[in-house]
Amino acid sequence: MRARWVLVFGFVLLLGTPLGTAVPTTAAPSPPDALRRDLDKLLADQRLQGSHAGVVVRDPATDEVLYRRRAHDRATPASNAKLFTSAAALETLGPGYRFRTEVATTAERRGPVLAGDIHLRGAGDPTMLAADYERLAARIADDGIRHVRGRLVVDDSWFDDVPLGTGWMWNDEPYYYAAPVSALSVAPNTDYDAGTVIVRVSPGAPGRPVRVRLAPPTDAVEVVNRARTGAPDSSSTLSVRREHGTNRVVVSGTLPAGAAPVEEFSSVSDPTRYAADVFARALSAHGVSIGGVAEGVTPKGARVLTAHESMTLAELMVPFLKLSNNGHAEVLVKAMGREVRGEGGWSAGLAVLDEAMRRFGVDPAAYRLVDGSGLSTMDEVTPGQIATLLDNVRARPWFGTWYAALPIAGVEERMVGGTLRGRMDGTPAEDNIHAKTGSMTGVTALSGYVTAANGRRLVFSVLFNEFLSEAPRDLQDAIAVRLARYGSPRTRAGDAAPRVPASRPPPDESVTRVDESALECSWSKAC
């Protein structure tokens, strides 16, 4: 009898339950178990039926995988590909890397006359504004040059002559997020959307044509104005679209009288010609005449008259990642190829990217990237590979710069919140989640970092493909919020993850012919 009581007493001590207290038949789930149950519940959403849903959550401090679903199944990453490109660029080119644009000549100088050609040589700078070309022209004029008897020769040979990425859709080609890539270009704004022009449309009198201006002014784009001014308070049917394979932008439809001006972005079919035109105009404005414009290669030994250096790569990471700028990604791929392998093309640049991924513990043989931006539907990666990348780059000296450049959930300031500025505000994920978004038709992705309630910084990757509904970003947000609550007393007891309100990017009033709800909000200038 005594032995039986000793056994019972020892069992009670083991459970830590006082005598006389009922012993529960089922223990409360541990934090990882509760997390798995909650994420399973979220991923059972009927919108994901028949689709691809890959999720990985890791705790780098313990190297524990807290959750996995289809961790090693490849999917289209959309702009999550920029995580690979940006990390490889910082590793390969370095945070202090700058693009340099030069004006050079081999011609003799005779007072105010330059007796030969002047060369504009580009190295891919995606931040060159019209104002930067104007400053180059001003320096030439300030040096006393008034006549260039030769031509303005534009040199874009730093990169190859392939303007568009592999697998890019033909119907994306007119839009600014698919602008051609060149070693010489112009950005019309301080988002640095290189290779694009702003088309500004204002109403006239009712029944009369609308007024159209380009910013910056350029003859590299032909405007065909077929649009009319409608009656006051009538509906707008305005459309601004570059015709496929041409430099012709057609403005059609109607814009109500008295309406606010409309701005639309259009890609430019020939970025090099665009840069040449903007620079030639700047020279003329400063009283410097030229004998025509041509394309060519700058001779070896040409002396530099003036030059412009871009912001550092560390600084460029902010508009690149916050706004998911495709052009920046592709320029960086080609720059890596040129700097490391002497070839400024996608093939060489992606080989350099692969070398960086090996150093980060990601096997290039197990993914496919054919561009740097993720615009191609041929790109295929796994959430496990993204989580590995996110984990392993934490040890790099440039990690703080990269981490800060990722969009931050719920922060309204555009160059802080970026593509997450209208998501997860008012939740534990606000000003917590640092993550890269990704969106295309049938694709949505969210991968990055979250500081959990227990103080641990987790890495996560969520890739959804092949859904037929509108993008289920609310499910991604709910996952992220649940991770932000991980380790709190409430979630330790296994409370179900709350449903997150729908994201609230500013309304998009564009009437261009593309399903902008399927794209990154920054691509339609909606965030």
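What follows is calculated from the coordinates using simple rules that are stated; it is not laboratory data. As the structure is a prediction and not an experimental result, all values here were calculated from the model. Positions of Cβ are backbone-derived with ideal geometry, glycine not excepted, and every protein chain shown enters the neighbour counts.
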* Which percentage, to the nearest 5, of the DSSP beta bridges contained in the chain is antiparallel? -> 75
* To do: Please work out, to two decimal places, the log10 of the ratio I(q)/I(0) at q = 0.12 Å⁻¹ from a Debye calculation in which every Cα of the stretch 363-484 carries one identical scatterer.
  => -0.44
* Structure fact -> Pairs over 27 Å Cα to Cα, from LYS41/LYS436; LYS82/LYS525; LYS41/LYS82; LYS300/LYS322, come to LYS41/LYS82; LYS300/LYS322
* Structure fact -> Quarter of the surface of the C-alpha convex hull for the stretch 36-87, i.e. direction-averaged projected area in nm², equals 4.9
* Structure fact -> With R₀ set to 35 angstrom, the calculated FRET efficiency between the beta-carbons of GLU412 and HIS244, to the nearest 0.05, is 0.40
* **Crossing angle, helix 271-285 versus the chain [Cα axis fit, 0-90 degrees, rounded to tens]** => 50
* Expressed as an acute angle from 0 to 90° and rounded to the nearest 10, what is the orientation of the C-alpha long axis of helix 31-43 relative to the principal long axis of the chain? -> 60
* Structure fact -> Mean Cβ-within-10 Å packing, highest first, puts peptides 178-186, 230-238 in the order 178-186, 230-238
* Structure fact -> Taking only the alpha-carbon positions of the stretch 281-394 as identical scatterers, the Debye log10 I(q)/I(0) at q = 0.09, 0.17, 0.18 Å⁻¹ comes out as -0.38, -1.00, -1.08
* To do: Sort the following peptides by mean Cβ neighbour count (other Cβ atoms within 10 Å, averaged over residues), highest first: 191-198, 333-340, 158-165, 140-147.
  => 191-198, 333-340, 158-165, 140-147
* Inverse mean reciprocal Cα-Cα distance (Kirkwood Rh) of the stretch 196-267, Å -> 12.1
* Given Cα pairs under 8 Å that are at least 6 residues apart, what percent is the relative contact order of the chain? -> 21
* Asked: So what is the relative contact order for the stretch 196-267, in percent, with contacts set as C-alpha pairs under 8 Å and at least six apart?
  -> 39
* To do: With everything on Cα atoms, drop me the angle between helix 346-359 and the longest principal axis of the chain, reported from 0 to 90° to the nearest 10.
  => 30
* What is the distance in Å between the Cα centres of the stretch 75-104 and the stretch 396-438? -> 19
* Per-peptide average of other Cβ atoms within 10 Å, ordering 394-403, 363-372 highest first -> 363-372, 394-403
* Which GluC sites (Glu not before Pro) from the stretch 72-111 combine a DSSP loop assignment with at most 10 other Cβ atoms within 10 Å? -> GLU108
* Helical contribution to [θ] at 222 nm, DSSP H n ≥ 4, -39,500 (n - 2.57), averaged over the chain, rounded to 500 -> -8000 deg cm²/dmol
* Asked: Percent of alpha carbon pairs in the chain separated by more than 34 Å?
  -> 45
* So how strong a dipole does the chain carry about its Cα centre when Lys and Arg Cβ are +1 and Asp and Glu Cβ are -1, to the nearest 20 debye? -> 920
* Would you kindly state how much longer the chain becomes between THR441 and ALA285 on full extension, computed as 0.36 nm times their sequence separation minus their alpha carbon distance, in nm to one decimal? => 51.7 nm
* For the stretch 82-212, compute Rh as the Kirkwood radius over C-alpha pairs and then the Stokes-Einstein diffusion coefficient at 37 °C and 0.692 mPa s; write the answer in µm²/s, rounded to an integer. => 183
